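Encoded as structure tokens, the structure appears first; notes follow it.
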């Protein structure tokens, strides 16, 4: 991997910080990448069976579908450099879809500004998996508690219990509500700020067809009561194969139907898709509920860090949302730790 310019030129620490990064999505991996380049020893804990977080890909019999984050843009120069490295490594590619817009969003972007879009190759999980290969990642570890033990941090996972390893710092890279729960009773100010973030849900439906139901466009922004986005997954770079469309519901609709049966969600989203001109019914459809799909915290720094406790938080919700925001937030947290290192306990430093 290339060296981030913000970290270049700094000498490695005499004794690397032992840092636990909870969450192996793009925010956590970005943070771990910069810490590793600075000479530290990050260990990532991920509750799922693989890294990537909401940049997720579901696979079935002859089909694949990005049912979380759909693509990413690169406005920040540092992130643009990262995207170039992904493209050179063959784990990302530019995507130039035929786009439609149904309805007008109240905060619609300027139509005269061209947008370069990129996707993971062959799926949205690919960039994260490529980054994770350089790190120690403990998969299927659902961290549900933190405790201070002789001046160092220990973590408890639902699957393995309390960790034997101790850490100088614990960095939470996860949706705000999950961070708030872990921080309760541990760092009340960070818990309060995380709990105040506005997080929105999203129902996603993956629909597999025998015949492509909508050849007129590749993807569409939909500003209507049910749908927000539809996309022909099989037409993204490096995909191909069985026709498969992903349908994302509006945040307000998803919140209203958060506990609805998946069958009801599938029926509603497919009916709305037919209203956009879909000319066939799928032979297979599955729904996935993202309880914390996207969110923001107003007037927030790009990351939260307290060197006196050795606790930090990063995530897209601290940096405007989206994949680029997640990456930038992780970088910001790693730089904050470098500028204001955690207070290492004598016990841990000697160990």
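At-a-glance table
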{"quantity": "Given (1) outside any loop (DSSP other than H, G, I, E, B); (2) surrounded by fewer than 21 Cβ atoms within 10 Å (Cβ to Cβ); (3) in contact with a helix residue (DSSP H, G or I) (Cβ under 7 Å, 6 or more places away or on another chain), index of the condition residue 241 fails", "calculated": "(1)"}
{"quantity": "Residues that are touching a helix residue (DSSP H, G or I) at 6+ places or on another chain (Cβ under 8 Å), in a loop (DSSP other than H, G, I, E, B) and without any contact (Cβ under 8 Å) to a residue 60 or more places away in the chain, drawn from the stretch 213-238", "calculated": "225, 226"}
{"quantity": "Pick from the stretch 127-145, criterion in contact with a helix residue (DSSP H, G or I) (Cβ under 8 Å, 6 or more places away or on another chain) and free of Cβ contacts under 8 Å to residues at least 60 places away in the same chain, ranking: farthest from residue 239 (Cα to Cα)", "calculated": "145"}
{"quantity": "Among the residues listed as 289, 294, the single one being at pLDDT 95 or above, surrounded by fewer than 20 Cβ atoms within 10 Å (Cβ to Cβ), over 22 Å from residue 18 (Cβ atoms) and touching a helix residue (DSSP H, G or I) at 6+ places or on another chain (Cβ under 9 Å)", "calculated": "289"}
{"quantity": "Condition met for residue 265 (in contact (Cβ under 8 Å) with a residue 60 or more places away in the chain, in contact with a strand residue (DSSP E or B) (Cβ under 9 Å, 6 or more places away or on another chain), outside any loop (DSSP other than H, G, I, E, B) and surrounded by fewer than 19 Cβ atoms within 10 Å (Cβ to Cβ))", "calculated": "no"}
{"quantity": "From 55, 27, 32, 20, residue being crowded, with 22+ Cβ neighbours inside 10 Å, in a strand (DSSP E or B) and in contact (Cβ under 8 Å) with a residue 40 or more places away in the chain", "calculated": "20"}
{"quantity": "Residue list for the stretch 171-191, filter: touching a helix residue (DSSP H, G or I) at 6+ places or on another chain (Cβ under 9 Å) and either within 11 Å of residue 45 (Cβ to Cβ) or assigned to a loop (DSSP other than H, G, I, E, B) (or both)", "calculated": "171, 172, 173, 174, 175, 184, 185"}
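To keep it simple, each residue is scored yes or no on (1) surrounded by fewer than 24 Cβ atoms within 10 Å (Cβ to Cβ); (2) assigned to a helix (DSSP H, G or I); (3) at positive phi; (4) out of contact with any strand residue (DSSP E or B) (no Cβ under 9 Å at 6 or more places or on another chain).
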site: 308; (1), (2), (3), (4): yes, no, no, yes
site: 317; (1), (2), (3), (4): no, yes, no, no
site: 320; (1), (2), (3), (4): yes, no, yes, no
site: 324; (1), (2), (3), (4): yes, yes, no, no
site: 329; (1), (2), (3), (4): no, yes, no, no
site: 334; (1), (2), (3), (4): no, yes, no, no
site: 338; (1), (2), (3), (4): yes, yes, no, yes
site: 343; (1), (2), (3), (4): yes, no, no, yes
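The values are calculated or read from the model by the stated rules, or taken from the named source; none is laboratory data. It should be emphasised that the depicted structure is a prediction, and the values quoted were computed from it without experimental measurement. Here the Cβ is made from the backbone with ideal geometry for all residues, glycine too, and neighbour counts use every protein chain on show.
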